[in-house]
1. Per the Kirkwood treatment, what hydrodynamic radius in Å, one decimal, follows for segment 200-241 from the mean inverse distance over all distinct Cα pairs?
2. Roughly how many Å² of ARG46 are accessible to a 1.4 Å probe, to the nearest 10?
3. For segment 10-61, what class follows from the C-alpha gyration tensor (a ≥ b ≥ c being the square roots of its eigenvalues): rounded when a/c is under 1.5, otherwise prolate if a/b is larger than b/c, else oblate?
4. For the chain, what is the relative contact order in percent, using Cα pairs closer than 8 Å and at least 6 residues apart in sequence?
5. Quick one: pull the percent of accessible area on the chain belonging to carbon and sulfur, 1.4 Å probe, ligands and nucleic acids left out.
6. Using the heavy atoms of the protein chains alone and a 1.4 angstrom probe, what is the accessible area of segment 200-241 per residue in square angstrom?
7. Would you list HIS138, HIS10 from the most to the least accessible area, probe 1.4 Å?
8. Over segment 7-193, with the other protein chains present, what is the accessible area per residue in square angstrom, probe 1.4 angstrom?
Amino acid sequence: MASIVWRTEHFEEIDSTNTWLARKALDGAPEGLVCATDFQTDGRGRLERTWESPADASLLCSILLRPDIDVDQLQLVVAAVALAARAALVRLSGVRPDLKWPNDLIVGNAKIAGLLAEIVAVDERLAVVVGIGVNLTHEGPSGALSASVRQLAGVTIAAPALLDILLDELAPRREQLDSERGREVLRAEYERALITLGQLVRVERPDDAVTGVATSVDATGRLVVEVDGVEMSFAVGDVVHVRPSSRQDG
Ligand code: BTN
């Protein structure tokens, strides 16, 4: 594909950037449309949770992508955006977050960003809205294991500046999604950034939970966990790190 063209619509206030962009996607909006806001009145997180942030304290945005992939490869789209956000944070703040499968950016045990990916349409190509919230000056809900970039790096980053760099980092990763070879490069980068690997994890599913050691990410982005000597792959679920990590790479 030709290099993607980003077009950002900015709102001072909106219900949810994901909701707004999903409506646009259904109306046929082109790939590359981005919705950004200073404040959300109905910000949404994963698993029907809410996502709250005071005004002007976070990067709050959603990105419309139409990659040439199957529905079951959605996690690779999440990976592309998460890796782009991580690279942008390194470039702008020096903070180097790890990725926590499936959708978080963390520093130590503290979450600094979360992603929410939603499939909007399955036509000849998938339309995917990927929303991301990055705590810039807001430390997250009290009592939660979360932190802000300002707290960690001592710098205040402007949300538009972070979004610009994030989109710049996303463009090549978005291209990788369209080919098997590109997806393999992306998957390998994802594995290197994923603090979850090598850890004892409990995967909480809607009806049960299993515990094992996370070993890898498969070609579709699923987490492979060794449970009692048997490898199981997980496409959805909430991963709890049972033991703190000692991994240093990334
Ligand atoms: C999570 O960690 O549960 C995911 C949080 C995703 C929040 C972002 S903020 C911008 C976009 N719009 C939303 O309503 N949610 C995402």
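The values are calculated or read from the model by the stated rules, or taken from the named source; none is laboratory data. Owing to the predicted nature of the structure, the values given are computational and were not obtained by experimental measurement. Because the Cβ atoms are built from the backbone with ideal geometry, glycine has one as well, and the counts that use them run over all protein chains shown. Ligands, DNA and RNA are excluded from the accessible area calculation, which covers all protein heavy atoms including side chains. Shrake-Rupley method; radii C 1.70, N 1.55, O 1.52, S 1.80 Å.
1. On the way: mean 1/r = 0.0991 Å⁻¹.
The Cα-based Kirkwood calculation yields 10.1 Å.
2. So the heavy atoms of ARG46 present about 50 Å² to solvent.
3. Oblate.
4. On the way: 522 pairs, mean separation 43.5, N = 250.
Relative contact order here is 17 percent.
5. Values: 5540 of 11520 Å².
On the chain, the fraction of accessible area on carbon and sulfur atoms equals 48 percent.
6. Details: 2110 Å² over 42 residues.
For segment 200-241, the solvent-accessible area averages 50 Å² per residue.
7. Largest accessible area first, the residues go HIS10, HIS138.
8. Details: 8000 Å² over 187 residues.
Normalised by residue count, the accessible surface of segment 7-193 is 43 Å².
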